[in-house]
Amino acid sequence: MNKTLIALCLALTTTSISAMAADAGSGKITFKGTINSGACTIAPTDVNKEVQLGNIAAVNLDAAGKKGPLNSFELK
């Protein structure tokens with residue numbers, strides 16, 4: 001019975017996650033990190049830089065290894 005209960009919980013969790021993902025038409029990705037003082041020097045104007053990725057169709061990211069268009073940026 002314990003194995004059946006665990007399997008049922010996993011199945012319900014997977015189903016609810018899939019349902020939430022199917023409903024999402026758009027989203028936001030935020031890249032976060034820290035700048036270490038020992039690694040390099042970054043100009044004060046580039047410390048809080050925002051990189052615009054534009055709109056990317058979901059079909060471009062629906063499988064591992066897929067990617068959107070390249071968008072170059074520069075840190076000073």
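Structural remarks
- Potential lengthening between Cys40 and Phe73 on full extension [0.36 nm per residue; Cα-Cα distance subtracted]: 10.2 nm
- Potential lengthening between Glu50 and Lys32 on full extension [0.36 nm per residue; Cα-Cα distance subtracted]: 5.4 nm
Throughout, read-outs are computed from the coordinates displayed, never taken from laboratory work. These numbers were taken from a predicted model, which means no experiment stands behind them.
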